Amino acid sequence: NIGCPLGTGVWEGVPLREILWLTQPRENLRRVFYHGYHNDDPEQLFQSSLPVGRVLEDPFDLPPVILCYKLNGEWLTPERGGPVRVVLPEAYGFKSIKWLKTLVLSNLSHANDTYGEKNNDVDSPLKSFAATLNAPMKAQPDAPIAITGYAQVGISGVSRVQVWIKDEADTASYGRYQADAPWVDAEILPPPESWGGGIPNDAIPPDTHGFDSSTGHPLSWPMRLTKVHWAVLHPGLHAGEYTLHCRTVDDKGNAQPMPRPFQKSGHAAIENIGLRVG
């Protein structure tokens, strides 16, 4: 539930279901438990679990759950969880256990996630939200204000990014979560020409989920489960004290922090940045 995604990458591995089927399970299987090595302290066991249905099937065209051994074409380093880690594409990081050591097929119905003990919702998928990268702390009166940022594209996608610069002298009520405020649409920037990250030849490998293998271009944009950049040139404002806000609107029309406005179900808070004009 941290406010800033750490980055995106091309993960490579074996679908977890391929390993599961090697055990020849027959019945009474409801959940897959897994944990990784951390150190020799039994109090620091990082573990997680998944319903077996998610392991066996990829709903809504999601990538499969994988046992991952490469990132951006390179073998996983210990820092990134090597030699093998779990990657659950649509989930927060605590579901993608590093330094994988043990898999257990179980008929138990409950989760065993370490982070569940800390009051987190362990089954919430990645949520969409916006944040700024560059915004002035002080602007000239009546001069356009350039603002840039990024959006995390969660499970429900991102259809729009919007900003609102609130005049602190404005005492109007705009409803819960500022839903009725005068938001201004920003431009979602196109896919990058250079992907970076040390990918060999700076080219997305063929057969990467979500990409056209012949062109290396995304099949849709914004891509779910990635980051996108946005920009806006906001009209000038009169002198005064303001607060800059930004938000996403997902593919179903839900504006951040909806439809899950609670911290434990995914990062949701609308950003607040002070801005002085004059």
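The values are calculated or read from the model by the stated rules, or taken from the named source; none is laboratory data. For clarity, every value in this text was computed on a predicted model and none was experimentally measured. Note that we place each Cβ from the backbone using ideal geometry, even for glycine, and neighbour counts take in every protein chain shown. When the accessible area is computed, the model is the full protein with side chains, heavy atoms only, and any ligands, DNA or RNA have been set aside. Shrake-Rupley method; radii C 1.70, N 1.55, O 1.52, S 1.80 Å.
Equivalent-ellipsoid semi-axes for the range 204-278 (Cα gyration tensor, √(5λ), whole Å, largest first): 34, 19, 10. Here residue 264 is the anchor, and the aspartates and glutamates within straight C-alpha reach of less than 20 Å, apart from those fewer than 8 places off in the same chain, are 90, 113, 117, 121, 123, 250.
Using only Cα coordinates, the Kirkwood hydrodynamic radius of the range 85-204 works out to 19.2 Å. The string of couplings for the range 234-243 from the Karplus curve (6.51, -1.76, 1.60, θ = phi - 60°) is 7, x, x, 10, 7, 4, x, 9, 9, 10 Hz, one whole number per residue in order, with x for Gly and Pro. Summary value for the chain: 20 percent relative contact order, contacts being C-alpha pairs under 8 angstrom separated by 6+ residues. Which percent of the accessible area of the chain is formed by carbon and sulfur heavy atoms (probe 1.4 angstrom)? In the chain, the share of accessible area belonging to carbon and sulfur is 54 percent.
For the residue pairs 166/252; 118/252; 95/138; 95/252; 98/127, the alpha carbons lie more than 32 Å apart in 95/138. Computed from point charges on the beta carbon alone (+1 for Lys and Arg, -1 for Asp and Glu), the dipole magnitude for the range 18-82 about its Cα centre is near 220 Debye. Within the shell defined by Cβ-Cβ distances under 12 Å, the residues around residue 182 carry a net charge of -3, with Lys and Arg each +1 and Asp and Glu each -1.
Think of the range 54-188 as a dipole: +1 on every Lys or Arg Cβ, -1 on every Asp or Glu Cβ, centred on the Cα centre; then among 171, 114, 134, 114 lies furthest on the positive end.
Our summary of shape: the Cα atoms of the range 17-148 have principal axis extents of 70, 35, 35 Å, ordered from largest down, in whole angstrom. One quarter of the convex hull surface built on the alpha carbon atoms of the range 137-278 amounts to 10.3 nm², the projected area averaged over directions.
Solvent exposure of residue 137, expressed as accessible area, is near 150 Å², computed with a probe of 1.4 Å over the protein chains only. For the chain, the per residue solvent-accessible surface stands at 55 Å², with DNA, RNA and ligands left out and a 1.4 Å probe.
Amide H contacts of residue 156: 128, each under 5 Å away and 5 or more positions distant or on a separate chain (H built 1.01 Å from N in the peptide plane; Pro and chain starts excluded). Against the empirical 2.2 N^0.38 Å (N residues), the range 183-226 has a Cα radius of gyration ratio of 1.34. Between residue 109 and residue 77, the simple spin-label model (points 7 angstrom out along Cα→Cβ) gives 4.5 nm. Placing unit charges on the Cβ atoms only, positive for Lys and Arg and negative for Asp and Glu, gives the chain a dipole magnitude near 500 debye about its Cα centre. Projecting the Cα atoms of 21, 104, 51 onto the dipole axis of the range 4-140, where Lys and Arg carry +1 and Asp and Glu carry -1 at the beta carbon, places 51 farthest toward the positive end. Across 195, 99, 230, mean-square fluctuation computed from a Gaussian network of the chain (C-alpha pairs under 10 Å connected) peaks at 195. The calculated 222 nm mean residue ellipticity attributable to helices in the chain amounts to -1000 deg cm²/dmol, summing -39500 (n - 2.57) over DSSP H runs of n ≥ 4 and dividing by all residues.
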